[in-house]
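Coordinate-derived values only; no laboratory data. Only a predicted model underlies this, so the values are computations on that prediction, with no experimental measurement involved. Here the Cβ positions follow ideal geometry from the backbone for every residue, glycine too, while neighbour counts run over all protein chains shown.
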Amino acid sequence: MQHHVVLRVVAKILIPFILLFALYVQFHGDYGPGGGFQAGVLFAAGIILYAIIFGLDTSRKVVPMAVARWGIALGLLLYALTGVAGLLLGGNYLNYSVLGATQQSGQHIGILVIEFGVGLTVASVMLTVFYAFAGKGR
C-alpha cells in the first residue's frame, strides 16, 4: 500500500474527522440520536481505515491489542459500576437519578457514563475482532 499516495493523503485528512465525529456522537447521544454504540462503531471504523491504508503493524503500534482488550474490560466495568453506584446510593440498579444533586442531573451523569462505557466496549471489541481476523494469514 506504499505506492497509493492519494489514498494515504485522503485517509490522513479523513481519519481525524471520523474520530471527531465519533466524539460528537458519543457526547451528543443523551440529547439526540446516537450514543455509545454508534460512537464506538465510528471510532473503530476510523482505526480500521487507518489499518487498511497504513498497514496492520502500524495500526497495532497506534492501538495495541492489549489496549483494545483492556478497553473491553474497562467499558464493561464502567457500565456495571454505574449500576452498583445507584444501589449504594439508595436507588435501584442503573437508577441514575440518585447519582446527582437533582434527579435530572443524576440522570444526565448516569447516561453520559453508561454511554461512554458502551462506546469504549464496542470500539474495543470491534478492533479486537478486526485484529484477530486481519492477522490470520500471517
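Based on other C-beta atoms within 10 Å, arrange His3, His28 from fewest to most.
Numbers: His3 6, His28 14.
Placing the least packed residue first, the sequence is His3, His28.
For segment 118-133 and segment 94-113, what is the centre-to-centre distance using only Cα atoms, to the nearest Å?
Segment 118-133 and segment 94-113 have Cα centres separated by 28 Å.
Does segment 36-76 classify as rounded, prolate or oblate by the C-alpha gyration tensor (a ≥ b ≥ c root eigenvalues; a/c under 1.5 gives rounded; else a/b over b/c gives prolate, otherwise oblate)?
Numbers: a/c = 4.28, a/b = 1.34, b/c = 3.21.
Oblate.
Can you work out the Karplus-derived ³J(HN,Hα) for every residue in segment 58-64? Use 6.51 cos²θ - 1.76 cosθ + 1.60 with θ = phi - 60°, whole Hz, and x for glycine or proline.
Taking θ as phi minus 60°, the curve returns 5, 5, 5, 6, 6, 10, x Hz for segment 58-64.
Within 10 Å of each residue's Cβ, count the other Cβ atoms and sort Thr58, Thr128 from fewest upward. Mind showing how you got there, number by number?
Numbers: Thr58 12, Thr128 17.
With the sparsest Cβ surroundings first, the list reads Thr58, Thr128.
Hey, what do the phi angles of segment 108-114 turn into as Karplus ³J(HN,Hα) couplings, whole Hz, using 6.51/-1.76/1.60 and θ = phi - 60°, x for Gly and Pro?
Once θ is set to phi - 60°, the couplings for segment 108-114 become 5, 5, x, 5, 4, 5, 4 Hz.
When only C-alpha pairs under 8 Å and at least 6 residues apart count, what is the relative contact order of segment 5-134, in percent? Walk me through the intermediate numbers first.
Numbers: 183 pairs, mean separation 38.8, N = 130.
Result for segment 5-134 is 30 percent.
Calculate one ³J(HN,Hα) per residue across segment 35-49 by plugging θ = phi - 60° into the Karplus curve 6.51 cos²θ - 1.76 cosθ + 1.60, and present them in order as whole Hz with x for glycine and proline.
Coupling constants for segment 35-49: x, x, 5, 5, 5, x, 5, 5, 5, 5, 4, x, 5, 5, 4 Hz.
Counting other C-beta atoms within 10 Å, which of Lys136, Lys12 has the fewest, and how do the rest follow? Spell out each step's value before the answer.
On the way: Lys136 7, Lys12 12.
Listed from fewest to most nearby Cβ atoms, that is Lys136, Lys12.
Expressed as a fraction of 2.2 N^0.38 Å, the rule-of-thumb size for a compact globular protein of N residues, what is the C-alpha radius of gyration of the chain?
Working: Rg = 17.7 Å, N = 138, 2.2 N^0.38 = 14.3 Å.
Relative to the rule-of-thumb radius for its length, the chain sits at 1.24.
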